[in-house]
Amino acid sequence: MLPHGRRVPRHTAWVLPLSVVTLVAVFLLIMAHGDAAYAVRVLAHQDSGITDVEWKQHTSVHAAAVPRPWPATGDCPIRDALPTEKAQSIVVVHDGRLVCEWYGNGGAPDRPAAAFSVSKTVISLLVSRAVADGTIRGLGMPVTQAVPELRARDARFSSVTLGDLVDMRSGIAFSDDISFPWVNRDYPSVYYATDLAGTVVRRPEIASAPGPFTYNDYAPNLVGLAYRRLTGTFLTRQPLQRLWDDLGAEYPAEWCVDDHGFPYHESGLVVTARDLARIGGLLLDGGRVAGQQVAPRAFLDRSLDPGNREPVTTFAGVAVGYRNGWWILPRSDGGRDLAAMGAHGQIMVVSPATRTVIVRMGDDYQTNIQIAATLQKLTGRPASG
């Protein structure tokens with residue numbers, strides 16, 4: 001009881017916590033540049049997940065006008081060795097034939113799944129095709145020729161070429177940190193963007209001259225934005241549909257987009273394992289499908305050329321390289337395999353030495369490099385059993 005006989009109203013007990021919540025909300029909104037929808041996404045979803053395709057918007061790609069089902073064998077000599085834990089699909093192609101496939105945990109031959117950063121490999125192929133057909137000038141073109149706003153922010157962007165972006169050697173800083181206050185971090189600013197084109201013009205900062213490797217989600221989106229500015233369309237629309245037709249893809253695919261229809265070039269592909277394996281198969285067949293050159297020689301040369309293969313980073317003690325949208329995995333015999341790796345265990349390993357492609361999609365139960373190493377060990381076994 002107060003001296004004058006009046007009590008403090010009970011509702012005032014809520015004032016302090018409500019004020020704190022309000023201040024935090026205002027702070028986060030300021031950090032998110034006033035984008036409330038983006039801030040809510042980050043707070044609600046936090047880390048990415050394989051079910052994000054259920055709430056993200058997307059555009060669709062049709063199956064090829066003339067699908068080309070994989071020639072198949074009736075035997076799967078490595079079935080018992082397949083890493084099926086938390087997998088939804090595993091496809092093994094050897095010497096151009098589907099020798100093994102497994103589905104579970106909701107996966108199916110015709111069910112597309114989120115490929116996450118495997119998307120970067122497909123973007124690299126699409127850009128290479130655009131250069132080959134003359135749609136864009138070449139990978140040596142500075143990104144600022146298409147996105148001059150970057151040069152206005154920092155003149156050093158003028159030294160960054162499309163090739164630097166594809167190879168993750170642009171000198172642009174990037175962090176996958178998702179600690180408090182979350183909304184102002186690089187990784188979520190891309191993955192949860194409501195206006196991704198605006199984000200990749202406004203946020204990227206130059207850390208060094210082009211050359212050093214920095215894995216970077218801004219990079220493929222800047223490539224996609226440059227293509228959009230130069231051509232008036234998206235890589236993931238007509239160019240992707242033409243690729244799907246040329247590959248003879250059996251099933252439709254999707255590509256996740258932001259609130260304005262701009263594709264998440266770094267992670268947006270949603271695809272079946274069978275059709276994703278066709279991308280890997282291009283590296284084994286000289287880029288040709290049914291006699292047609294689907295992957296340009298320049299794409300094959302940049303991906304397979306033994307030069308520029310030095311390790312750029314280490315995962316769990318494994319030193320790996322990166323070039324043209326592919327990770328370079330060392331083999332125990334001294335050779336090299338290629339891998340496309342996406343979050344939560346989306347892995348495609350391509351082994352030129354054994355003419356084998358293995359695709360695994362689903363959820364993660366180990367790190368990506370551990371799953372890739374397991375698949376790599378299996379690449380030499382489909383023929384021998």
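The values are calculated or read from the model by the stated rules, or taken from the named source; none is laboratory data. This one's a predicted model, so the numbers in the text were calculated from it and none came from an experiment. Neighbour counts run over all protein chains shown; Cβ positions are idealised from the backbone, glycine included. Please note that ligands, DNA and RNA were not included when accessible areas were found on the heavy atoms of the full protein model with its side chains. Shrake-Rupley method; radii C 1.70, N 1.55, O 1.52, S 1.80 Å.
Across segment 151-167, coupling constants 3J(HN,Hα) worked out from phi with the 6.51/-1.76/1.60 Karplus curve, θ = phi - 60°, read 5, 5, 6, 7, 4, 5, 4, 5, 8, 8, 9, 4, x, 4, 5, 5, 8 Hz, and Gly and Pro carry x. Counting only lysines at least 8 places from Lys120 when in the same chain, those with an alpha carbon closer than 21 Å to its own are Lys56. The residues of the chain expose on average 43 square angstrom of accessible surface per residue, using a 1.4 Å probe on protein heavy atoms. Only Lys, Arg, Asp and Glu carry charge here, each on its Cβ (+1 for the first two, -1 for the last two); on that basis segment 233-298 has a dipole of about 340 debye about its Cα centre. Karplus-derived 3J(HN,Hα) values for segment 265-277, using 6.51 cos²θ - 1.76 cosθ + 1.60 with θ = phi - 60°, are 5, 7, 7, x, 5, 10, 8, 7, 5, 4, 6, 5, 4 Hz; glycine and proline are entered as x.
Extension gain, Tyr365 to Arg242: 0.36 nm times the residue separation minus the Cα-Cα distance gives 40.8 nm. Under 1.5 on a/c is rounded, so check that first for segment 92-181, then, if it is not, pick prolate when a/b is larger than b/c and oblate when it is not; a ≥ b ≥ c are the square roots of the alpha carbon gyration tensor eigenvalues. The shape class here is oblate. Straight-line cross-link partners of Lys377 among the lysines, defined as a Cα under 23 Å from its Cα and at least 8 positions apart when in the same chain: Lys86. The alpha-carbon positions of segment 233-385 define a convex hull whose volume is 139 Å³ per residue. Among Leu196, Leu139, Leu162, the largest mean-square fluctuation in a Gaussian network model of the chain, built with springs joining Cα atoms closer than 10 Å, belongs to Leu139.
Dimensions of segment 248-298 from C-alpha coordinates, computed as largest minus smallest value along each principal axis and given longest first, are 39, 24, 14 Å.
For the chain, the longest principal axis of the Cα atoms and the long axis of helix 15-31 meet at an angle of about 40 degrees. Once you reduce segment 59-121 and segment 368-382 to the center of their Cα atoms, the two points are 15 Å from each other. How high is the relative contact order of the chain, in percent, with contacts defined as C-alpha pairs under 8 Å that are six or more residues apart? That works out to 23 percent.
The angle between the Cα long axis of helix 218-231 and the main principal axis of the chain comes to about 80°, on a 0 to 90 degree scale.
By the gyration tensor of its Cα atoms, with a ≥ b ≥ c the square roots of the eigenvalues, what is the shape of segment 41-116: rounded for a/c under 1.5, prolate for a/b over b/c, or oblate? If you can, show how the numbers build up before the last one.
Values: a/c = 3.48, a/b = 1.55, b/c = 2.25.
Note, shape of segment 41-116 comes out oblate.
Comparing Leu230, Leu329, Leu125 in a Gaussian network model of the chain, where Cα atoms under 10 Å apart are tied by springs, the biggest mean-square fluctuation is seen for Leu230. Pairs of C-alpha atoms in segment 180-256 farther apart than 18 Å represent 54 percent of all such pairs. How many percent of the accessible area of segment 337-376 is carbon or sulfur, using a 1.4 Å probe? Using a 1.4 Å probe with all protein chains present, segment 337-376 comes out at 50 percent carbon and sulfur.
Looking only at Ser117, Ser175, Ser351, which one moves most when the chain is put into a Gaussian network model with springs between Cα atoms under 10 Å? Per the Cα network of the chain with a 10 Å cutoff, Ser175 tops the list. Write down the Kirkwood hydrodynamic radius of segment 175-313, to one decimal in angstroms, obtained as one divided by the mean of 1/r over all alpha carbon pairs. Every distinct Cα pair counted, the radius reaches 17.2 Å.
For segment 295-354, a Kirkwood hydrodynamic radius built from all Cα pairs, placed in the Stokes-Einstein relation at 4 °C and 1.567 mPa s, yields a translational diffusion coefficient of 107 µm²/s. Dipole check for the chain: with +1 at the C-beta of Lys and Arg, -1 at the C-beta of Asp and Glu, and the Cα centre as origin, the magnitude is about 420 Debye. Axis of helix 238-247 versus longest Cα principal axis of the chain: the two differ by about 30°, to the nearest ten degrees.
For the chain, the percent of C-alpha pairs falling in each 10 Å distance bin, counted from 0 to the bin holding the largest distance, reads 5, 23, 32, 23, 9, 4, 2, 2, 1, 0.
Once backbone amide H atoms are built at 1.01 Å from N, Thr313 has Val320 as its partners under 5 Å, excluding neighbours fewer than 5 places away on the same chain.
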